[in-house]
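Data first, discussion second: the structure below is written as structure tokens.
The values are calculated or read from the model by the stated rules, or taken from the named source; none is laboratory data. Fair warning: this is a prediction, and the values are worked out from it, not measured in the lab. Virtual Cβ from ideal backbone geometry, glycine too; neighbours counted across all protein chains shown. We work out accessible area using only protein heavy atoms, side chains counted, and drop any ligands, DNA or RNA first. Shrake-Rupley method; radii C 1.70, N 1.55, O 1.52, S 1.80 Å.
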Amino acid sequence: YVAAVYEHESILSPSPAALVERRSALELMGRNLDIYEQQVLAAARQGAQIIVFPEDGIHGFNFTRSSIYPYLDFVPHSHSGKWNPCREPYLFNDTEVVQRLSCMALKNKIFLVANLGTKQPCERTDPRCPADGRYQFNTNVAFAADGTLLATYRKHNLYFEYAFDTPPEPDYAFFDTPFAGKFGMFTCFDILFFEPAVNLIRQYNLKQIVYPTAWMNQLPLLSAVEFQQAFATAFNVNILAANIHHPTLGMTGSGIYTPVKSFIYHNMESYGGKLIVAEIPVITTGYKTNLEETPGRVSEKGKEQSPPSFNAEMMYDNFTFVPVWGEKGELQVCANTLCCYLNYQRAVLTDELYALGVFDGLHTVHGTYYVQACALVKCGGLSFSTCGQEVTDATALIDFQLWGNMSTPYIFPLLLTSGITLDFADHMGWKNNHYFLSKNRTSSGLLTAALYGRWYEKD
């Protein structure tokens, strides 16, 4: 099928904390919706059957609970009837944004997914009802090609979004299409958690995902395109990921991903939006991994010669590293119950320092979640203290096999190369209770090769 995602540079309110009338809120959102309209038309002309827009793309961000209120539409959540906002605009009040989105889908005969703020009055008898008598949700809406509202999803894992409420129960949102079957739906930070993202995919055996996001890149392990690809690979799904474009905030990185191929956009240099259109195969089969013989364990001899281990902070976590010296070798590094192993060979020795790092523990900054990671990374400079820094360029071509005795089945294989480009492993999978990733000859200099494990039960 042909899919489209749009990385949108939102027109933002100059003072999001100020209280404004609904009229001026609609005026600002209208300017973003005008751009959406042009992009839906452009995508439809290129044959796209579905288009996805980013999180916060219509209203922007940095609101307070009260200042976002005029920007919120009313969207019935568990609507029993089929509602077509474009054809039935008078059914509910405060649905101007939803109406416009519905009409874009209808006019261009395209499935459309977008993100907006919504409100829902609640009863004082509801123990969870906020003091102001209403819920405010970060919401995705999906429309059919005739403009019908098919599904809504209220973001569950909020990322410092004080204007919004967490829904009482996680939503498991999906909708059906004639061209690719069911699509599941979740938002941004949700991708790192079991509920509802992983549970949704497992329960409903979903193979296509739409994913609006407003992601601030964090190298070396959580760049948007890097993790989006890893997720598609780990769960054997297609992902249509639309990110916002604000390079000054570190926000860029969208794409259309299959488990073995990606069409991505990552641009920190220039401004303006970007439409990606690609044809991808419908995934129908179950989860397959490409298994092969892994190398034996690191020999005792290799251990004796292991270089010194050191600690450095990476992604706000205290990683234990060993330097990757010389043109080839076998290394291991352990922390808690996790041991990581690396066999490597370099074509040419460059004056770049690489290190093999391990972390097995609770990540506690910007969210709390348990990580088991084995990571081969390029350091920021030549001293140990620079390992774990954000690096965007590299020249070293390294053949490697990386493996670890992970305790969780949820492993995201990361492979990032110079200039924030993606590469794909030659082989990966489980063997003898170890997960491994191997690659001969990356397409360009290696930035990160990692096994990023999420041990959800220990969150």
Task: Antiparallel %, DSSP beta bridges [both residues in region 202-272], to 5 - done: 70 percent
Task: Size descriptor, Kirkwood hydrodynamic radius, that averages inverse alpha-carbon separations across region 374-449, Å - done: 13.1 Å
Task: Paired Rg and Dmax values of the chain, which use every Cα atom, in angstrom - done: 22.9, 77
Task: Debye intensity ratio I(q)/I(0), log10, region 310-458, q values 0.10, 0.13, 0.19 Å⁻¹ (C-alpha model) - done: -0.30, -0.51, -1.16
Open item on the list: Given an 8 Å cut-off on Cα distances and at least 6 residues of separation, report the relative contact order of region 184-283 as a percent.
Closed with: 22 percent
Task: Debye intensity ratio I(q)/I(0), log10, region 146-191, q values 0.26 Å⁻¹ (C-alpha model) - done: -0.99
Open item on the list: Could you work out the relative contact order of the chain? I mean the mean sequence separation of Cα pairs under 8 Å and 6+ apart, divided by the number of residues, in percent.
Closed with: 12 percent
Task: Estimated 222 nm signal from helices in the chain, with DSSP H stretches of n ≥ 4 weighted -39500 (n - 2.57), rounded to 500 - done: -4000 deg cm²/dmol
Task: Cross-link pairs K82/K109; K82/K261; K207/K261; K182/K458 - those with Cα-Cα distance over 25 Å - done: K82/K261; K182/K458
Task: Whole-Hz ³J(HN,Hα) from phi, Karplus 6.51 cos²θ - 1.76 cosθ + 1.60, for region 218-233, glycine and proline x - done: 9, 7, x, 10, 10, 6, 4, 5, 5, 7, 4, 5, 4, 5, 4, 5
Task: Positive minus negative residues near R154 (Lys, Arg vs Asp, Glu; Cβ under 14 Å) - done: -4
- [ ] List, in order, the whole-Hz ³J(HN,Hα) value for each residue of region 53-62 obtained from phi through the Karplus relation with A = 6.51, B = -1.76, C = 1.60 and θ = phi - 60°; use x for Gly and Pro.
- [x] 10, x, 5, 6, x, 8, 10, x, 8, 6
Task: Separation in nanometres of the label points that stand 7 Å from Cα toward Cβ, at T284 and F263 - done: 2.2 nm
Open item on the list: Output wanted: per-residue J couplings in Hz (rounded whole) for region 234-243, from phi through Karplus 6.51 cos²θ - 1.76 cosθ + 1.60, θ = phi - 60°, x for Gly and Pro.
Closed with: 4, 9, 6, 10, 8, 10, 9, 10, 10, 10
TODO: With the full set of protein chains in place, find how many percent of the accessible area of region 2-279 is carbon and sulfur; take the probe as 1.4 Å.
DONE: 52 percent
Open item on the list: List the residues, sorted by chain then number, that are 5 or more residues from A151 or on another chain and whose placed amide H is less than 5 Å from its amide H.
Closed with: A142
Open item on the list: Less than 12 Å Cβ to Cβ from Y344, Lys/Arg counted +1 and Asp/Glu -1: what total charge do the surrounding residues give?
Closed with: 0
Open item on the list: As a test of the definition: which semi-axes, in Å, follow for region 1-117 when you take the square root of five times each eigenvalue of its alpha carbon gyration tensor? Largest first, please.
Closed with: 24, 18, 11
- [ ] Using only the alpha carbons of region 170-228, determine the length spanned along each of the three principal axes and report them from longest to shortest in whole angstroms.
- [x] 37, 24, 16
Task: Loop-exposed GluC sites (Glu not before Pro) per DSSP, neighbour cap 15 Cβ within 10 angstrom, longest uninterrupted part of the chain - done: 124-268
Task: Stretch in the chain that is longest and holds no trypsin sites (Lys or Arg not before Pro) that DSSP places in a loop and that have at most 13 other beta carbons within 10 Å - done: 129-287
- [ ] Just read off the accessible area of W403 with the full protein assembly in place, 1.4 Å probe, to the nearest 10 Å².
- [x] 10 Å²
